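Structure first, commentary second.
The values are calculated or read from the model by the stated rules, or taken from the named source; none is laboratory data. Since the structure is predicted, the reported quantities are computational estimates derived from the model, not experimental observations. Positions of Cβ are generated from backbone atoms using ideal geometry, with glycine treated the same way; all protein chains shown enter the neighbour counts. Side chains included, ligands, DNA and RNA excluded: accessible areas come from the protein's heavy atoms. Shrake-Rupley method; radii C 1.70, N 1.55, O 1.52, S 1.80 Å.
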Amino acid sequence: MHEPLTFPTSTDRETRYAALLPQAKALLGEETDPIAAMANLSAAIHEAFGWHWVGFYRVVGCELVLGPFQGPVACSRIAFGQGVCGAAWEQARTMLVGDVDAFPGHIACSPLSRSEIVVPIKDASGTVVAVLDIDSSELNTFSTVDSEGLGALCAMLEPLF
Ligand code: SME
């Protein structure tokens, strides 16, 4: 059994990432299976921040296919370049969307999603192999603090691909 995660009472985002990072590292441990690692990492991020939807899509052929997640049911396949996830894959960069209604082509898996961040995960050759997608039910939830914190968490997965 893994120890339960613990977090400071502070809701300060940087403080929470600082608490989450070493615990996520310990949680992933020696795990070599990317699905198992994504499953626990999505649960840990969800537990730390309580966002509406936290999950992964894997690149499978010419689509993103739904992977482990926490939250309401979601779209299972997303084409290259489509939506925020497909754009992050195509452009191989983190997408910060303060208002999903202002993002052309946003795919509304849940009517409650108001802002979103998508972080690409790359293999050793720099090819995008998956994305981490997080939806918030509030506008303008995410900032560069999140792209840095989530980028550090996603970097833990990269050796598994
Ligand atoms: N909103 C995403 C689709 C995935 S869900 O939010 C879980 C997008 O536009 O790519």
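Using a probe of 1.4 angstrom, how much of the accessible area of the chain is carbon and sulfur, in percent? Walk me through the numbers on the way to the answer.
Numbers: 4120 of 7780 Å².
Heavy-atom surface of the chain belonging to carbon and sulfur, 1.4 Å probe: 53 percent.
Pop a pseudo-label 7 angstrom from the Cα along the beta-carbon direction at both Glu14 and Glu148 and give the gap in nm to one decimal.
0.6 nm
What does the charge dipole of the chain about its Cα centre add up to, to the nearest 20 debye, if the Cβ of each Lys and Arg holds +1 and the Cβ of each Asp and Glu holds -1? If you can, show how the numbers build up before the last one.
Numbers: 8 positive and 19 negative charges, 30 e Å.
With Lys and Arg at +1 and Asp and Glu at -1, about 140 debye.
Excluding Glu31 itself, calculate the net charge of residues whose Cβ lies under 15 Å from the Cβ of Glu31, where each Lys or Arg counts +1 and each Asp or Glu counts -1.
Details: positive: Lys25; negative: Glu30, Asp33, Glu158.
Net of charged neighbours comes to -2.
Summing +1 for each Lys or Arg and -1 for each Asp or Glu, what net charge is found among the other residues whose Cβ lies under 15 Å from the Cβ of Trp51?
Net charge around Trp51: -3.
I'd like the distance between the alpha-carbon centres of the stretch 8-51 and the stretch 88-151, rounded to an integer number of Å.
Here the answer is 17 Å between Cα centres.
Top mean-square fluctuation among Val100, Val59, Val73, Gaussian network model of the chain, C-alpha springs under 10 Å?
Maximum among the listed residues: Val73.
Let me know the volume per residue of the alpha-carbon convex hull for the chain, in Å³. Write down the numbers at each step before the final one.
On the way: hull volume 17.0 nm³, N = 161.
Looking at the chain, the number lands at 106 Å³ per residue.
State the extension gain, in nm to one decimal, for the chain segment bounded by Ser137 and Phe7, taking 0.36 nm per residue of separation less the distance between their alpha-carbons.
Working: separation 130, 0.36 × 130 = 46.80 nm, distance 2.18 nm.
This chain segment gains 44.6 nm when fully extended.
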